[in-house]
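In what follows, a structure is listed as structure tokens, so that the remarks can point back to it.
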Amino acid sequence: KQWYQRRVAITAGVGIAVIAFFIGLGFLAATFFWDRIANTVTRKYIAFGDMSFSGFWAFLFFVDFCFITDMWRKTPDIIKNGLSGLTKSNLQFTIVCSLVCIFLLAFQAYMAYKQLNEIQND
């Protein structure tokens, strides 16, 4: 089946992105209040949660990227040429956003790992 027959490829990417956005807002709020958190154990849990979430979500975006890219690759050129410019650019933008999110979340996981090491060394 091509991408247009398997809408789960696009809806999975959107679902992953929406969930990541809202959970990311929670970690952003925790970062904002970081200096006010005096308990070291709570800081460890937040840093570990951030690292785990970012790493797992980077993996989910990688799976989604591979799935969407493979579907696009398998789509015949006749069908690709018959798509409107907007539809084609939306699909290509979805692929690019998935790729960018992989690197951003992997970097965020690395930064949370560094933060976790700093907490454990104190």
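The values are calculated or read from the model by the stated rules, or taken from the named source; none is laboratory data. All figures in this text were calculated on a predicted structure; none of them were measured in a lab. Cβ coordinates were reconstructed from backbone atoms using ideal geometry, including for glycine residues, and neighbour counts include every protein chain displayed. Side chains included, ligands, DNA and RNA excluded: accessible areas come from the protein's heavy atoms. Shrake-Rupley method; radii C 1.70, N 1.55, O 1.52, S 1.80 Å.
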So what are the ³J(HN,Hα) numbers for the range 66-83, from phi and the Karplus equation (6.51, -1.76, 1.60; θ = phi - 60°), rounded to whole Hz, Gly and Pro as x? 4, 5, 5, 5, 5, 4, 5, 5, 7, 6, x, 4, 4, 6, 4, 5, x, 6
Rounded to the nearest 10 Å², the accessible area of Val14 at probe 1.4 Å: 90 Å²
So, taking all protein chains as they sit and a 1.4 Å probe, how much accessible area belongs to Leu83, in Å² rounded to tens? 40 Å²
Count the net charge of all other residues whose Cβ sits under 13 Å from the Cβ of Trp57, scoring Lys and Arg as +1 and Asp and Glu as -1. -2
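Restricting things to alpha carbons, find the Rg to Rh ratio for the chain using the Kirkwood radius for Rh. Don't skip to the answer; put the middle values down first.
Details: Rg = 18.4 Å, Rh = 16.2 Å.
Radius of gyration relative to Kirkwood radius: 1.14.
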Given 10 °C and 1.306 mPa s, compute D for the range 80-122 with the Stokes-Einstein relation, Rh being the Kirkwood radius over Cα pairs; round to the nearest whole µm²/s. 124 µm²/s
What does a probe at Thr31 reach in the range 103-122, counting residues whose amide N is under 14 Å from the point 7 Å along Cα→Cβ? 104-116
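Please sort 89-95, 106-112 by packing, taking for each peptide the average over its residues of neighbouring beta carbons within 10 angstrom, highest first.
The peptides rank, most packed first, as 106-112, 89-95.
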For Val41, what accessible area in Å² do you get when you roll a 1.4 Å probe over the heavy atoms of the protein chains, rounding to the nearest 10? 80 Å²
Ordered by residue, what ³J(HN,Hα) values in Hz, to whole numbers, does the range 48-65 give under the Karplus form 6.51 cos²θ - 1.76 cosθ + 1.60, where θ = phi - 60° and Gly and Pro are x? 5, x, 5, 5, 5, 4, 5, x, 5, 6, 4, 5, 4, 5, 5, 4, 5, 4
